[in-house]
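A quick write-up on the structure given underneath.
The values are calculated or read from the model by the stated rules, or taken from the named source; none is laboratory data. Note that the structure is predicted; figures quoted are calculated from it, not measured. Cβ placement follows ideal geometry from the backbone for every residue including glycine, while neighbour counts extend to all protein chains displayed. For accessibility, only protein heavy atoms count, side chains too; no ligands or nucleic acids. Shrake-Rupley method; radii C 1.70, N 1.55, O 1.52, S 1.80 Å.
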Amino acid sequence: MSKAKWMGISKVRESIATSSSEEVTASYLDTILKSRINGYVTINEGAIARAQDIDKNKDGKGHDGVLAGVPIAIKDNISTKGIQTTCSSKILQGYVPPYNAHVIERLLDAGAVILGKTNMDEFAMGTSTESSHYGTTLNPWDHEKVPGGSSGGSAAVVAAGEAPISLGSDTGGSVRCPAAFCGVVGLKPTYGGISRYGLISYANSLEQIGPIATNVSDIATIMDVIGGYDPRDSTSIKQEITYQDSLVDDVTGLKIGVSDEYFAEGIDEGVEKSVWAAIQKFEDMGATWEKISMPHTKYALASYYIIAMSEASSNLARFDGTRHGLREEGENWHVMASRTRAKGFGEEVKRRILLGTYALSAGYHDKYYLKALKVRTLVKQDFDKALSNVDVLMAPTMPTPAFKIGEKIEDPLALYLTDVNTVPINLAGVPSISMPCGLVDGLPVGLQIIGNHFDESTIMRAAYSFEQNTDHLAKRPAGVE
Amino acid sequence: MAYHNPDGVMIGLEIHVQLNKLNTKMFCGCSTKYHNDEPNSHVCPVCLGLPGSLPVINEKAVEAAMKIGLALNCEIVPQTQFHRKNYYYPDLPKGFQTTQYDFPIASEGKVFIEGEDGEHVIGITRAHMEEDPGRLLHIGSIDKSKGTMIDYNRSGMALIEIVSEPDMRSPKEARRFLDKLRNIIEYLDVCDTTLEGAMRFDANVSIGGGSRAEVKNISSHKGAERALLFEIVRQKNLLRRGGTVVQETRHFDEARGVTISLRTKEQEHDYRYFPEPDLVPMRVADRTAKVAETLPELPDAKRERFTKEYGMADMHAKALTSEIRTADFYEEVAAKIDAKICTPWVADVLKGELNYRDLTVESFKVDDMVEIIEMVTQDKITEKSAVDVIRAILDSGGSATDIVKEKGLIKVEDDVVSTAVLEVIKENEAAVTDYLGGKEQSLNFLVGQVMKKTRGRADAVQAREMVLASLNK
């Protein structure tokens, strides 16, 4: 196995059965080492040893797990015991967590082998992975294009055949955007669906960990491993969903809602066409669609950025050089902390900390933060209303295909505007899956299927049916089998 | 007589009570029993604020907070919520403190104290839950220190912050309020107030309706009284010299007994409070009644019951109920001995001897107390000997029985005393003549001689009567 290829979990397991996890893992590591896309920040030096342990069934439960010996890539903001976790920031360089995130515990219990930690926008703040301290990740479809963000590394390595599956996190589209730009499948589960314990917070009230894969079934497999209640996360909810059961090829009678607000000014013509073609396909498969109104969509972006930055300004206060990561010396603690933060944080992170601090300050708190919360409630109501009439909503994940590296990074507002279709979903806390629905000029287009709270089974069923009845997922970047 | 408060002193207090009797911290499973352990040995990702860690509310802490709220006659909020208070300090590992803001667990209560002019009511603004920061240890003195070490063992300990209305009119009333509060906290069994840092105080002081100064870093009741006295004098002097009191935060230097300006109003932090997104609002309304049922009898109620049940004066009831340990001790003694008899022995004698030695009632055994009182009532030892036995136990230990034996304190029989009386009258002719000649003091001398002969075991009053009887024959 020398050539990079897409392998779903079942293929990987077949391969392990005929050879070994060690061999499969080594093959992935080989592909990673030859890669030019810069998808990983850190390679797990213990990956081979772990694979050997699974092969020998040393951990006693490895071979029984649904991911026994299966390699996985993990976004660099999810805590991995013994493996450096930096959030692609200089400030966390050298930080090795002494504990595993809940999802990592679950993955290891299921037998997974961690390949490494994937590149991302610094502290998940971005839409292009260009704000990483460790350099941007290249889009496997076109090395001049961004992979999307902030989980750009996690989506790119799956698309490039450098990992069969990966985990990302989605605060305002950070799983769905890179999944769309890299032509793979990514799920943002319902808020509370997966424990955030161990996920390094950017904006706590908005974000969820989410899986990225080359097919819908793998998303279900991963979710069955990592989803569910965890007493260590007070926002996780007791709700039993068996994702595997939702893999049914049948959308007869499915009611789809389509909102013009998600095809707003600035949308790429090719993207619009691909998404409408997908909706047409669903109709052919037995679903119906209707126009619905989401009147507060245009306010969502402003509300999202104010809430996210406010929370971020507080979440990132702990990076002061005292306990972990970078430390710049100073004559007293305050000087040390200031210098550390000045040197350790990148420009976008500083911008968001400053804006968030401003939005929470006395005199501005009501005008910005409280107002944003009120708008959030209105956006939520849009979804509640819409989803009481239809089963799912469909929309383009991103208004355009992947843009050029460097094209928007100097213009933060232009970059923020690309999140217009993904952030409302985080404000409402509902689940959404992005999957490929066509190519525009050789670049993938993402279709977003949005469902009601904890109704992942409906969007998974729709996504699975679409996958079974189209060949969009058969298309791969050049050089990947 | 009504108290006029000539200087218009207004004092409000903020008291931090550490819930050190809980098994675990406010938001994680770390043990609270760190006081004798190595620094940073009771820590985990949560109380170290490691990236990615999340808080989980300790339900027992919520229960304790509700108990405190109810004991302070507060309203318990139906739904409570945590907020983040953002500021940078090395002892604060997350860069914010998880605390409560606009939905504190308890508010609008009151506490009754012995004021300058009788019973006085102190309003309780609120009581809320929060987490303790870590502790800074300076190498050497704070200003010359070469380095600072941080111990996060205390980080994340559950605190209840109680905020009073500015209803105290003198440092004495403030001290009384703090005593009362400590008393209530001890009754609730939520805090061992003897442990370091168990109760800490900040005070707001103003005079004559002027601006208030906030005094921080007060760690004892005595310190509170001193800090307040200093601050009132400082403000009065300032006004007398034509100055004005500015709103500011001041630091109490316990060693020097003075307050020093830390920062003025303009330099105050903007804490940028916002709801803690990692903790969802918590409904407690359906639990309040149940928690109320678990409340023990509180000091005021116990004091009233003592006067009724044991027929004691209010002064005694107050002394006995001012500490739960003393009240319990008394009731154990009173279960075995007539309450009327044992009340002064515990409330006056034992408490007086304990206070003199700065000891608590835990230094004394109920059985010893019972035995000593019984020996007095059975006329085996004198009251004076009983006091000596109590002192001996407190000073050098031992049981009542042994001490009585060792010191030969058993009262001597009457005939021994009468023999002594006869001998004394025979041996001191001059004194007898003096007395009969009208010199009253000579009687005292003769009684003293009898006591000397019986080595103090005779009852002095009885000996006096017997001497008188012999002389008047």
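When residues in segment A:66-99 are screened for being in a loop (DSSP other than H, G, I, E, B), in contact with a helix residue (DSSP H, G or I) (Cβ under 7 Å, 6 or more places away or on another chain) and open to solvent by 10 Å² or more (accessible area, probe 1.4 Å), 1 of them pass. Among all residues of segment A:186-193, there is at least one that is within 11 Å of chain B (Cβ to nearest Cβ) and either at pLDDT 95 or above or open to solvent by 10 Å² or more (accessible area, probe 1.4 Å) (or both). Checked against (1) within 18 Å of B:CYS191 (Cβ to Cβ); (2) acidic (Asp, Glu); (3) at pLDDT below 95, B:ASP7 passes all but condition (1). Being free of Cβ contacts under 8 Å to residues at least 40 places away in the same chain, crowded, with 19+ Cβ neighbours inside 10 Å and not in a strand (DSSP E or B) is a property that holds for B:TYR330. In this structure, B:ILE57 does satisfy being at the interface with another protein chain (Cβ under 10 Å from one of its Cβ atoms) and closer than 24 Å to B:ALA289 by Cα. Could you tell me whether segment A:194-207 includes any residue that is away from chain B (no Cβ under 14 Å) and of a type outside the set (Val, Ile, Thr)? Scanning segment A:194-207 turns up no residue that is away from chain B (no Cβ under 14 Å) and of a type outside the set (Val, Ile, Thr). Looking across segment B:233-271, just one residue is open to solvent by less than 40 Å² (accessible area, probe 1.4 Å) and basic (Lys, Arg), and that is B:ARG250. The condition (being open to solvent by 60 Å² or more (accessible area, probe 1.4 Å) and closer than 18 Å to B:ILE15 by Cβ) is satisfied by just one residue among B:VAL121, B:VAL111: B:VAL121.
Within segment A:351-376, if we keep just the residues that are hydrophobic (A, V, I, L, M, F, W, C) and within 29 Å of A:ILE409 (Cβ to Cβ), the residue that is farthest from the other protein chains (Cβ to nearest Cβ) turns out to be A:VAL375. Taking every residue in segment B:288-310 that is under 15 Å from B:ASP189 (Cα atoms) and pairing it with any residue that is among the aliphatic types (A, V, I, L, M), at least 6 positions away or on another chain, the pairs with Cβ-Cβ distances below 6 Å are B:VAL291/B:MET66; B:ALA292/B:LEU70; B:LEU295/B:LEU70; B:LEU298/B:ALA71.
Answer with yes or no whether A:ASP230 is part of a loop (DSSP other than H, G, I, E, B) and within 12 Å of chain B (Cβ to nearest Cβ). So A:ASP230 fits the description; yes. Within segment B:60-84, the residues that satisfy the criterion of being touching a strand residue (DSSP E or B) at 6+ places or on another chain (Cβ under 9 Å) and either part of a loop (DSSP other than H, G, I, E, B) or of a type in the set (D, E, K, R) (or both) are B:LYS60, B:LEU72, B:ASN73, B:CYS74, B:GLU75, B:VAL77, B:PRO78, B:GLN81, B:PHE82, B:ARG84.
Consider segment B:273-292 and keep the residues that are open to solvent by less than 30 Å² (accessible area, probe 1.4 Å) and charged (D, E, K, R). The one that is farthest from the other protein chains (Cβ to nearest Cβ) is B:GLU276. Taken together, the criteria place A:ILE267 among residues that are of a type in the set (Val, Ile, Thr), more than 14 Å from every other protein chain (Cβ to nearest Cβ) and in a loop (DSSP other than H, G, I, E, B). So, in segment A:233-245, of the ones that are more than 14 Å from every other protein chain (Cβ to nearest Cβ) and not in a helix (DSSP H, G or I), which residue ends up most open to solvent (accessible area, probe 1.4 Å)? Only one residue fits best here, namely A:GLU240.
Filtering segment B:81-101 to residues that are free of Cβ contacts under 8 Å to residues at least 24 places away in the same chain and closer than 20 Å to A:SER234 by Cβ leaves only B:PHE96. Whether any residue in segment A:332-350 is in contact (Cβ under 8 Å) with a residue 12 or more places away in the chain, away from chain B (no Cβ under 12 Å), under 30 Å from A:GLU261 (Cα atoms) and not in a loop (DSSP other than H, G, I, E, B) is what I want to check. Within segment A:332-350, one or more residues are in contact (Cβ under 8 Å) with a residue 12 or more places away in the chain, away from chain B (no Cβ under 12 Å), under 30 Å from A:GLU261 (Cα atoms) and not in a loop (DSSP other than H, G, I, E, B).
Within segment A:317-333, is even one residue within 17 Å of A:GLY429 (Cα to Cα) and open to solvent by less than 20 Å² (accessible area, probe 1.4 Å)? No, because not a single residue in segment A:317-333 is within 17 Å of A:GLY429 (Cα to Cα) and open to solvent by less than 20 Å² (accessible area, probe 1.4 Å).
Just checking, does segment B:325-338 include any residue being farther than 27 Å from B:GLN378 by Cβ, among the β-branched types (Val, Ile, Thr) and at pLDDT 90 or above? Scanning segment B:325-338 turns up no residue that is farther than 27 Å from B:GLN378 by Cβ, among the β-branched types (Val, Ile, Thr) and at pLDDT 90 or above.
Within segment B:206-232, the set of residues being under 12 Å from B:VAL245 (Cα atoms) and either open to solvent by 60 Å² or more (accessible area, probe 1.4 Å) or of a type in the set (Lys, Arg) (or both) comprises B:GLY208, B:GLY209, B:ARG212.
Annotation: B:ALA213 fulfils all but one of (1) away from chain A (no Cβ under 14 Å); (2) hydrophobic (A, V, I, L, M, F, W, C); (3) more than 27 Å from the chain's Cα centre (by Cα); the unmet one is (3). When segment B:28-48 is limited to residues that are under 26 Å from B:LYS216 (Cα atoms), buried (at least 18 other Cβ atoms within 10 Å of the Cβ) and touching a strand residue (DSSP E or B) at 6+ places or on another chain (Cβ under 9 Å), the one that is nearest to the other protein chains (Cβ to nearest Cβ) turns out to be B:CYS47.
The single condition among (1) within 14 Å of chain A (Cβ to nearest Cβ); (2) in contact with a Cys (Cβ under 8 Å, 6 or more places away or on another chain); (3) acidic (Asp, Glu) that B:GLU108 does not meet is (1).
Residue count for segment B:377-391, restricted to those that are open to solvent by less than 80 Å² (accessible area, probe 1.4 Å) and either under 19 Å from B:PHE329 (Cα atoms) or in contact with a strand residue (DSSP E or B) (Cβ under 7 Å, 6 or more places away or on another chain) (or both): 4.
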